[in-house]
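Contents: one structure, followed by commentary.
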Amino acid sequence: AGTSTGTDEVPAIRLRKLTKVFGDTVAVNAVDLDIRHGEFFSMLGPSGSGKTTVLRLIAGFELPTSGTIELEGKDVTAKAPFQRDVNTVFQDYALFPHMSLVDNVAYGLRVRGMPGNQRRERAREALDRVQLGKFVGRKPAQLSGGQRQRVALARALVVEPKVLLLDEPLGALDLKLRQQMQVELKELQRSLGITFIFVTHDQEEALTMSDRIGVFNNGSIEQIGTAHEIYERPGDIFVANFVGTSNIFDAGQAQSVYGRAEPLCIRPERLRVAWAGEPERRAGVTSRSGSVTSFVYVGHATQVRVQLDGGPAVVALVPEKLPGSDAELVNRPVTVSWDDDAVVWLPAHGS
Ligand code: ATP
């Protein structure tokens, strides 16, 4: 998936004013979204922001209160799930415990009336693709969590859907396995060229895997962009806070630094800390004095918390070795500097 949008290209999925109301809860609020062919698109947001409901609407497990869903240019809003060329991988895998892996994977082909030999062959190929070729005769209980996740993937992919929907598919795995599966899933998606729509509340996961991300809040999409755009240019305070760590200056604090009353955000790795307290006097650089309040060593760098004089407390992520022990550095007067082009101005009325 490139970043160009040919205007005449029919998207894989098109949502228009998609809305779902449960009782007095507006779970999804007039969402407009185009997802391109072959794209790895993540829906990222806090619990209850409406991601899963959008996925279930696309799958056809729920019908919208209003709005439309198009799949490859065809309106499928009122179609049953089996009439849509999409398939879903759930977090709990939903495998049949009494069936062997090959029968689990072949199930969708059986429902579609494919003859036995042919469907077992296709199921074996799909299991090979997820590196489970040698386990075809096992039952799900004889597998690890990561292996079960791969079976669920093979089962969803064997019917060759145009779009694969994944609802927090790695949520049940431990961190190491999760990171390994992130890489595998991304490679699989790239080699198959199938459109993936991936729901997660884990911003790091969304940033590492996606071609583009839609950030959800309260049933709406706050921002759509590449990982780089979302991280480097958050569109509002919600996105700046939800994705990564942000130093936010409120309108008054921004006014005192830049003479402009509008909130701003600076990422921790864009701040520099001068331990001897000397300000950087260069054009395009802003410096402020403050004092160190704490440190957190994070392996590749150290997070240094600094209370700016007359300003907010900020977090700087510094890669260099610190010039002393914690005890020597806490309360030490320092200067924090940043390039002015690291500043992202935010609309005053973001949520
Ligand atoms: P999570 O990450 O926790 O899964 P989410 O972003 O996927 O959250 P949804 O599951 O889409 O959020 O829920 C959005 C809102 O709709 C929530 O307030 C939820 O309580 C409500 N909701 C979802 N499904 C139903 C339902 N079947 N009946 C009533 N309310 C529902």
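Give me the strands (runs of 3 or more DSSP E) completely within region 220-302, filtered to those with at least 2 residues that are surrounded by 14 or more Cβ atoms within 10 Å (Cβ to Cβ) and either touching a Lys or Arg at 6+ places or on another chain (Cβ under 7 Å) or acidic (Asp, Glu) (or both), ordered by residue number.
Output list reads 220-225, 285-297.
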Within region 104-112, can one find any residue that is among the charged types (D, E, K, R), more than 16 Å from the ligand (Cβ to nearest atom), at pLDDT below 95 and over 19 Å from the mean Cα position of the chain (by Cα)?
yes
Enumerate the helices (runs of 4 or more DSSP H) found wholly within region 75-188, keeping only those where 3 or more residues are among the charged types (D, E, K, R).
116-129, 145-157
Could you list, ordered by first residue, the pairs with Cβ atoms under 8 Å in which the first is in region 274-295 and in contact (Cβ under 8 Å) with a residue 60 or more places away in the chain and the second is not β-branched (Val, Ile, Thr), at least 6 apart or interchain?
274/280; 274/287; 274/337
Is it fair to say residue 60 is at pLDDT 95 or above and either of a type in the set (Asp, Glu) or within 14 Å of the ligand (Cβ to nearest atom) (or both)?
no
Need pairs with beta-carbon distance below 7 Å; first residue farther than 15 Å from residue 230 by Cβ and among the β-branched types (Val, Ile, Thr) and within region 37-53, second more than 7 Å from the ligand (Cβ to nearest atom) and assigned to a loop (DSSP other than H, G, I, E, B); sequence gap 6+ or separate chains.
53/62
Considering residues of region 145-194 that are closer than 18 Å to residue 108 by Cα and not hydrophobic (A, V, I, L, M, F, W, C) only, the residue nearest to the ligand (Cβ to nearest atom)
149
Residues 125, 70: which one is modelled with pLDDT under 95, more than 16 Å from the ligand (Cβ to nearest atom) and not polar (S, T, N, Q)?
125
Could you grab the pairs with beta carbons closer than 7 Å, sequence gap of 6+ or different chains, first residue in region 240-251 and charged (D, E, K, R), second one assigned to a loop (DSSP other than H, G, I, E, B)?
250/263
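If the requirement is being over 23 Å from residue 269 (Cα atoms) and not small (Gly, Ala, Ser), which of these qualifies: 185, 207? Let's see the steps before the verdict.
On the way: 207 fails: over 23 Å from residue 269 (Cα atoms).
When all the criteria are applied, what remains is 185.
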Output the residues belonging to region 13-36 that are out of contact with any strand residue (DSSP E or B) (no Cβ under 9 Å at 6 or more places or on another chain) and either in contact (Cβ under 8 Å) with a residue 40 or more places away in the chain or within 8 Å of the ligand (Cβ to nearest atom) (or both).
22, 23, 25
Among the residues of region 170-180, are any in contact (Cβ under 8 Å) with a residue 40 or more places away in the chain and among the basic types (Lys, Arg)?
no
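What residue, of 53, 77, 88, is away from the ligand (no atom under 16 Å from the Cβ), of a type in the set (Ser, Thr, Tyr) and at pLDDT 90 or above? If you could, list the steps in order and put the result at the bottom.
On the way: 53 fails: away from the ligand (no atom under 16 Å from the Cβ); 88 fails: away from the ligand (no atom under 16 Å from the Cβ).
Only one candidate qualifies: 77.
Return yes when residue 305 is assigned to a strand (DSSP E or B) and among the charged types (D, E, K, R) and no when it is not.
Values: assigned to a strand (DSSP E or B): yes; among the charged types (D, E, K, R): yes.
So residue 305 fits the description; yes.
The values are calculated or read from the model by the stated rules, or taken from the named source; none is laboratory data. Since the model is a prediction, treat every value here as computed from it, not as a measurement. Backbone-built Cβ (ideal geometry, glycine too); neighbour counts: all protein chains shown.
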